Amino acid sequence: MRFAISALSVLCIASAIGTIVPQASPDINYVNQFGAFWAEVFGAFDVFRVYNAPWFLVFMALMLISTTLCLIRNTPKMVREARSWPLHVRDRAFIAFRHRHENPVENEAQALLTVQHATDWLKSHGYAIKTSSSQDSSLPVVVGKKGGSNRLGYIAAHLAIVVISLGGLLDSEIPTRLAAWWWQKAPVNLAEVATIEDLPASAKMPQATPTYRANLLIPEGQTSDLAVINQPGGAFLLDLPFELTLKAFRVEYYSTGMPKLFASDVVLKDKLDGTVRETTIEVNKPLIHRGIAIYQSSFDDGGSKLKLIAHPLTGPARQRLPIELAVGQSLPLRSQNQTLALEVSGFKAINVENINDQPPIEDPFKKHVATVLSPAVSLSTKENLRNVGPSFNYKLRDTAGQAKEFHSYMLPVDLDGTPVFLIGVRGSPDESFRYLRIPADENRSLTEYMRLREAMASPEVRQKAAEIFAQRSAPDNLASALASSAQRSLDAVAEGGLQGLADLLEQTVPEAERDRAADVVVRMLTSAFWEVWQLARLNDGLPRLEQNDTTLNFTQRALNAYSDSQIFGAPLLVMLDNFEQVQASVFQVTRSPGKTTVYLGCFLLIIGIFAMLYIPERRVWVWRGINGSGQVDSVRVAASTTRHSLDFDREFQELRASIKPH
């Protein structure tokens with residue numbers, strides 16, 4: 001029993017962890033929440049899938065076996081004790097009882113009357129009565145007993161642990177793994193399978209699979225009968241005994257953009273008898289069919305049709321490329337230097353982000369400009385949730401199969417009072433998105449930035465901008481040197497971003513003077529960059545802009561974005577222009593034969609704990625006392641209980657009071 005209690009304690013702690021820590025989420029979520037080191041440590045102990053962790057299942061099995069052995073050993077003894085009647089009591093044992101009372105009587109008749117009154121009182125208070133002879137004399141002993149089900153409560157509570165553990169094992173991955181081993185099935189990586197027809201038969205689980213927890217994604221207007229059972233080494237496809245059609249998906253939102261309610265109008269057609277059912281599945285309102293529960297889990301994109309625009313990020317070109325793709329489709333993009341495949345992997349019409357000011361940059365060189373991509377929209381713990389509009393995910397894959405993933409918002413997001421376009425990039429799903437922030441112009445578009453970026457790609461424009469800046473900022477005898485310095489700064493940024501400019505300073509400026517020089521160079525660079533922008537506008541037939549807080553703020557943010565684009569790692573920028581949304585519903589399909597077993601265990605646990613805590617066993621003995629001359633001179637009452645309480649003290653006082661007058 002000590003081992004069973006220890007195992008139960010471990011399982012309780014593990015279950016608490018499984019309740020607090022989201023289970024079976026993408027790995028990147030845990031990296032963001034706990035950090036790379038602790039995410040790896042927790043993953044080694046299966047904290048993120050604790051209920052199916054081998055050590056958890058082993059502890060549950062050991063606790064099941066241990067508690068079962070305890071029940072087998074102790075149940076017969078407890079049953080015998082619950083049914084037993086302690087009919088014999090010795091006069092000399094009277095003094096050992098905590099609750100005792102001796103009532104003097106004058107004769108045998110008065111003693112019999114007192115015993116009868118005590119017996120009547122016990123019967124009226126629910127005691128079962130039995131009479132026997134004392135071992136010390138031939139006088140009868142009246143025994144009252146109540147609460148014998150207390151010991152049955154111990155049995156029910158321990159049996160509940162066995163039943164619940166058995167139900168947990170039945171609903172774990174063990175039956176699925178045993179079935180896969182018996183049917184010689186092996187999981188596969190579904191990302192490597194082009195079509196369902198290409199899926200090997202060894203990856204398809206039959207309808208007779210005893211227990212499972214599978215996911216089913218159905219776009220609006222489509223039908224499916226195959227669910228996905230995720231496994232550590234891949235996934236199985238499960239053949240369902242019915243076809244499920246999603247007629248419509250409905251979702252309601254709070255004012256912040258967070259989903260408030262989502263539901264699916266479905267049609268279920270049974271494969272065996274052709275029965276058709278039309279119903280609505282909502283959160284916490286599943287559809288139950290042939291013991292299979294279909295829960296509304298979440299929602300996703302079902303192949304929305306997107307209108308995209310590809311903007312070049314390298315070279316002097318500015319021509320935009322319109323593209324139309326649906327989510328899940330891909331398109332080859334060819335240029336003179338390389339061929340990339342554009343793959344649209346996701347779309348969300350509503351995005352709720354925490355929009356807050358970023359912490360100030362304290363580095364003396366970075367206080368004017370940022371030199372790295374931003375990690376997220378906001379890292380602040382102070383919440384300011386806001387719907388920032390549609391976004392989509394895409395990948396650019398080269399001929400070697402290497403791909404980078406991008407997350408692009410359709411509309412500019414107001415950060416620090418300035419609208420910026422956010423485009424995230426990451427090299428693998430295990431990484432977090434790092435965001436490029438491109439300032440939007442007065443029309444909330446990318447036009448001005450792309451005009452400026454094209455101009456920065458031209459050495460002639462950079463040279464001319466440096467000369468104009470020098471002429472406007474220095475006397476004639478210093479203009480040539482200043483123009484040369486400004487051009488070198490612009491060239492360094494054009495080739496390697498602000499990091500390239502920092503490298504140039506390290507090579508040409510002594511360390512002691514580097515901070516002061518950085519401040520001067522950045523101011524010079526910002527002014528020269530302004531002239532690049534104005535030349536770009538003049539080349540397009542537009543007038544120069546007036547320098548004010550708005551235009552200067554745009555210049556500095558554009559410089560930051562231009563520098564970050566050097567490490568963005570993509571030759572083009574794909575933005576969302578318009579869309580036609582197609583929604584899909586995500587269902588969780590479960591067969592849980594252990595669910596009824598667990599319910600039975602919970603019922604037994606309630607009964608057992610109630611019996612143990614609120615039904616104490618109580619026993620009362622009443623017999624006649626005999627003096628040294630063999631005469632009856634008293635009536636003795638003794639009582640015992642398995643749990644001392646004030647209620648029992650009060651009850652015994654009432655029993656004493658009921659026999660005193662007699």
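The values are calculated or read from the model by the stated rules, or taken from the named source; none is laboratory data. Everything numeric in this text was worked out from a predicted model, so none of it was measured. Here the Cβ is made from the backbone with ideal geometry for all residues, glycine too, and neighbour counts use every protein chain on show. Side chains are part of the model used for accessible areas, which takes the heavy atoms of the whole protein and leaves out ligands, DNA and RNA. Shrake-Rupley method; radii C 1.70, N 1.55, O 1.52, S 1.80 Å.
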Largest-first ranking of 456, 258 by accessible area, probe 1.4 Å, whole protein assembly kept, is 258, 456
Proximal aspartates and glutamates to residue 77, defined as alpha-carbon separation beneath 18 angstrom and excluding residues fewer than eight positions away on the same chain = 617
Counting each DSSP H run of 4 or more residues in the chain as -39500 (n - 2.57), what helix-only mean residue ellipticity at 222 nm follows after dividing by all residues, to the nearest 500 deg cm²/dmol?
-> -13000 deg cm²/dmol
Would you kindly find the accessible area of residue 467, with a 1.4 Å probe and non-protein molecules such as ligands, DNA and RNA excluded, rounding to the nearest 10 Å²?
-> 80
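Compute the convex hull volume of the Cα atoms of region 151-247, divide it by the residue count, and report the result per residue in Å³ as a whole number.
Dividing the Cα hull volume of region 151-247 by its residue count gives 136 Å³.
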Spatially proximal lysines relative to residue 123 (Cα-Cα < 24 Å; intrachain offsets below 8 disregarded) = 145, 146, 660
What does the convex hull of the Cα atoms of region 287-337 come to per residue, in Å³, rounded to a whole number?
-> 134
Heavy-atom accessible area of residue 295, protein chains in place, probe 1.4 angstrom, given in Å² to nearest 10, is 80
Treating the Cα atoms of region 1-125 as identical point scatterers in vacuum, please give the log10 of the normalised Debye intensity I(q)/I(0) at q = 0.20 Å⁻¹, two decimals.
-> -1.14
Under a straight-distance cross-link criterion of Cα-Cα below 22 Å, which lysines are reachable from residue 185, leaving out those fewer than 8 residues away in the same chain?
-> 204
Probe 1.4 Å - accessible area at residue 460, Å² to nearest ten | 130
Which sequence of 279, 114, 399, 447 reflects their accessible areas, 1.4 Å probe, from the largest down?
-> 399, 447, 279, 114
Output the pairs from 260/305; 269/595; 305/395 with a Cα-Cα distance over 18 Å in this structure; if there are none, say none.
-> 260/305; 269/595
Using alpha carbon centroids, what distance separates region 146-170 and region 500-523, in Å?
-> 76
Kirkwood hydrodynamic radius over Cα pairs of region 56-185, then Stokes diffusion coefficient at 20 °C and 1.002 mPa s, in µm²/s | 110
In terms of solvent-accessible area of protein heavy atoms at a 1.4 angstrom probe, what is the ranking of 249, 42, highest value first?
-> 42, 249
Equivalent ellipsoid semi-axes for the chain, as square roots of 5 times the alpha carbon gyration tensor eigenvalues: give them largest first, rounded to whole Å.
-> 81, 32, 21
Signed unit charges on C-beta, dipole axis of region 459-528, positive-most listed residue 473, 508, 498 | 473
List the DSSP H helices in the chain whose Cα atoms stretch 18 Å or more along the helix axis and whose mean Kyte-Doolittle hydropathy is at least 1.0.
-> 2-20, 149-170, 594-614
Which value results when the Cα radius of gyration for region 243-321 is divided by 2.2 N^0.38 Å?
-> 1.76
